[in-house]
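What follows is one structure encoded as structure tokens, with my remarks underneath.
The values are calculated or read from the model by the stated rules, or taken from the named source; none is laboratory data. Only a predicted model underlies this, so the values are computations on that prediction, with no experimental measurement involved. We place every Cβ from the backbone using ideal geometry, glycine too, and count neighbours over all the protein chains shown.
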Amino acid sequence: MDFELDERERHFRDELRSWLAANLPEAWQTSHPREPWTEASRKIGRAWQERLARGRFVAVDWPEAWGGRGASVGQRIVLQTELLRARAPRLLGHVGLDLVGPALLARGSEAQRRRFLERMRTGEELWCQGFSEPGAGSDLASLATRAVRRGDAWVVDGQKVWTSIAEVADWCFLLARTDPSAGKHAGISALLVDMRTPGITVRPLRQMSGEAEFNEVFFADVHVPAESLLGAEGDGWKIAMDILGHERGPMWTFLFHGHLRQEIHALLDLAQARGVGADAAVRQRLAALYVDVEVLRLLGCRSSTALARGESPGPRSSLEKLFGSELAQRLRSSAGELLGPDLLLHPDDPRAPWRGRFTRSYLHSRADTIMGGTSEIQRTVIARQLLKL
Ligand SMILES: Cc1cc2nc3c(=O)[nH]c(=O)nc-3n(C[C@H](O)[C@H](O)[C@H](O)COP(=O)(O)OP(=O)(O)OC[C@H]3O[C@@H](n4cnc5c(N)ncnc54)[C@H](O)[C@@H]3O)c2cc1C
């Protein structure tokens, strides 16, 4: 495993650093990479994506013909690291860029790629991911939303839940059951659905962090043009599995590591400032957390090396997801203990330490072991596929 940047990565980093110095306004810089979506932060998120797209610094892994750079795994990691270092704002279009775009590149028709990819890249059109349902989360293949072919349309009925950014999305990447008589997995298809189609209702769900980043989405007699099918009828499960593979793996690990690295350093500063660094129990706890954050980085190095060699991360990505998300909860609980009652200060309160970021991270950390596959599901994958139990 090589921990140093190669020539191509160094060149890319230098180009990016000078571009960021010239193009990222101070007023857009953020103290928290997962800042909640407000009207103001959405506006910045959109404008930032448009600017990055002009510099060809989004969707860098896409082929050049579609606005990307055909970037290597190493360059993508450099991009993530540098954006975090520069305190760049969060991207509103990440579902399109990281999940739907790669699916269109792999399985879309030429007409679909022409229609969607550029607007996805620039953030002109935003996408949401309509997979989970009230009765189908971990067991996604149990989904019950139906799409029935009538003439030149698919007619969709059902409900999705936990659909991030559906309240602003222009399009939904929807999984629906098109053949109930086929097997559980074989009867599912993927549809590209215009969120303005009559019959779609979006209802926001408020989380304990105060944000409403999730939604319930209801489909009642929604007519979707036949050409909205992605791939062939019944291909939905395979497409979804490819997409979910993009949700984990080294890109996730490095992004997550970047957040936790900032947090452990802030926590060390806090311990010093509060004069508790000399307490043996606190010292032991912080040192152990620091080591675990470094271990997460090394796990990411291992899987990115494998990916660069053309190997699939496979079940090892479950190991990284499990370790990283549970570490995040341990780290944020420790932050909570050090902060004491200050943890209860509203993140926007000027007295809140580290501009409220500890509190936001603490509240969000419950979601980390659920989204992208729960800890129990990751342990099952590890036990079965890595440990052969
Ligand atoms: C922040 C966030 C954003 C999200 N965004 C989206 C989105 O944009 N689009 C989308 O479609 N979904 C989204 N989700 C939903 C996410 O994919 C699901 O929450 C996740 O798959 C778990 O499903 P569930 O919530 O239905 O829980 P369930 O599957 O009902 O699980 C409930 C509990 O039972 C356990 N469990 C379930 N099955 C097993 C088993 N076989 N063995 C052992 N334990 C088991 C689980 O681990 C969990 O503890 C998001 C979730 C979060 C937290």
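Data table
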| item | result |
| --- | --- |
| Only listed residue being exposed (fewer than 14 other Cβ atoms within 10 Å of the Cβ), within 16 Å of the ligand (Cβ to nearest atom) and not in a loop (DSSP other than H, G, I, E, B), chosen from 326, 337, 376 | 376 |
| Of all residues making up segment 87-128, the number that are assigned to a helix (DSSP H, G or I) and either within 16 Å of the ligand (Cβ to nearest atom) or closer than 30 Å to residue 263 by Cβ (or both) | 11 |
| Lone qualifier among 344, 363 - being away from the ligand (no atom under 16 Å from the Cβ) and either assigned by TED's automatic domain parsing to the domain that holds residue 260 or modelled with pLDDT of 90 or more (or both) | 344 |
| Hey, residue 300 of a type outside the set (S, T, N, Q) and surrounded by fewer than 20 Cβ atoms within 10 Å (Cβ to Cβ) or not | no |
| Where a residue in segment 151-169 is assigned to a strand (DSSP E or B) and its partner, wherever it lies, is more than 9 Å from the ligand (Cβ to nearest atom) and among the acidic types (Asp, Glu), with Cβ under 6 Å and at least six apart | 161/216 |
| Exclusive hit being within 17 Å of residue 169 (Cβ to Cβ), more than 16 Å from the ligand (Cβ to nearest atom) and polar (S, T, N, Q), set 132, 41, 72 | 41 |
